[in-house]
Amino acid sequence: MPDMYFKQLLHEDCGCSSYIVGSHQSHEVAVIDPALDIEQYLDTSHDRDFHIRFVIDTHIHADHVSGARALAERTGANLCMGVGTDVLYPFHALQDGDELPLGNVTLRVLHTPGHRPESVTLLVVNAARAEEPSMAITGDTLLVGDVGRPDFGGEEGARALWDSIQRLMALPDYVEVFPAHFEGSCGKGMCGRPSTTIGFERRFNPVLQTDDREAFVRTISSEIPARPLNMEAIIATNRGEVAKSWAMPRGGVDVPEVDVATARARVADGAFLIDVREPEEYDRFHAEGAHSIPQCEIADRLDEIPREREVLVICAGGTRSLKAARFLRQRGWAKVASVAGGSDEWRAMDLPIEQSKPAGV
């Protein structure tokens, strides 16, 4: 029987990964960055006679509701997060250099702030093979082909991320990298693979091809993706402020799409048009009559969206609006559609637009 157990679980609905790591020798495991559906971890632990000793969130998640608290409560596991994590419930604070024992397997903690101030990376050491780490579970610090977006890390997030990346790049080339994301809004350049190595990223990750800290900061601070759908409610839920697990988007709901000309006609007939772009995008220009509700705030502003009228959702090109429209369908809006082509096509078709700020401002 192998001495170490490792399982990566890919969650297609949010583009995230979670992990079960532990020891066949001691039958102890840790679950890292668990998804909201905790039954999958309970099933694995039951089937393999594992004891879940630690449940760890590498940081406060912004795009999906964590199952960490529920899993820890269900199993009696130790709930762990990085020191200084700003939540409203008790947890075991992980300090840089801490080690979490799981039989012959050890999780070694690296504090890697930047994406979030509390972010940690977990180095996996399998003592049955070597005393040095062979794997790094990097959360949203180092991704495949990118690094985590820095704007959730405060004003100094990008510079802190540079320092954290340098710590990771000091690891040997052979160390395998397993991030918390393989797609989604965490980084703009992820390639879609669920894992990589330190050596491959050192050589081919485009944002790491500089030795200049300020050049790195400029690169990762430009063209940051829009804040995730329902981010405000999701973060508040993960902090313990509210209980809005329903705010987490789920796939599988079909909604119709309409072209911009049809959308314009329906708005004239009384449809309610929501622009889910970021406020600065809306201010530059927006479709005439559109109401600004950024996608990150939708779950907190449902009372502003009428149920008795048809609802149309628009963004820049049609991707964000489709996800937001699907969420509204999940929440019971019967007459909702996404505007294909978005505001960019609306303007290109010379349909009426409005500006909250003068052009050039």
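Tabulated data for the structure shown
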{"item": "Residue match in segment 36-56 (condition: at pLDDT 95 or above, out of contact with any Cys (no Cβ under 8 Å at 6 or more places or on another chain) and under 30 Å from residue 158 (Cα atoms))", "result": "yes"}
{"item": "Out of 43, 96, 49, 57, sole residue that is acidic (Asp, Glu), touching a strand residue (DSSP E or B) at 6+ places or on another chain (Cβ under 7 Å) and closer than 23 Å to residue 4 by Cα", "result": "57"}
{"item": "Residue ranges of helices (runs of 4 or more DSSP H) in segment 218-296 with at least 2 members out of contact with any Cys (no Cβ under 6 Å at 6 or more places or on another chain), in the same structural domain as residue 341 (by TED's automatic domain parsing) and buried (at least 17 other Cβ atoms within 10 Å of the Cβ)", "result": "260-268, 279-284"}
{"item": "Within segment 11-51, considering residues that are buried (at least 19 other Cβ atoms within 10 Å of the Cβ) and among the acidic types (Asp, Glu), the one farthest from residue 69 (Cα to Cα)", "result": "28"}
{"item": "Per-region count, segment 205-247, residues free of Cβ contacts under 8 Å to residues at least 24 places away in the same chain and under 19 Å from residue 161 (Cβ atoms)", "result": "9"}
{"item": "Near pairs, Cβ below 8 angstrom, 6+ apart or cross-chain, from segment 81-107 (more than 15 Å from residue 54 (Cβ to Cβ) and at pLDDT 95 or above) to any residue that is surrounded by 11 or more Cβ atoms within 10 Å (Cβ to Cβ) and of a type in the set (Lys, Arg)", "result": "86/239; 87/239; 88/239; 89/69; 97/108"}
{"item": "Yes/no for residue 99 being closer than 19 Å to residue 199 by Cα and over 19 Å from the mean Cα position of the chain (by Cα)", "result": "no"}
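The values are calculated or read from the model by the stated rules, or taken from the named source; none is laboratory data. Computed from a prediction, not measured in an experiment: that's the story for all the values here. Don't worry about glycine lacking a Cβ; one is built from the backbone with ideal geometry, like all the others, and counts go over all protein chains shown.
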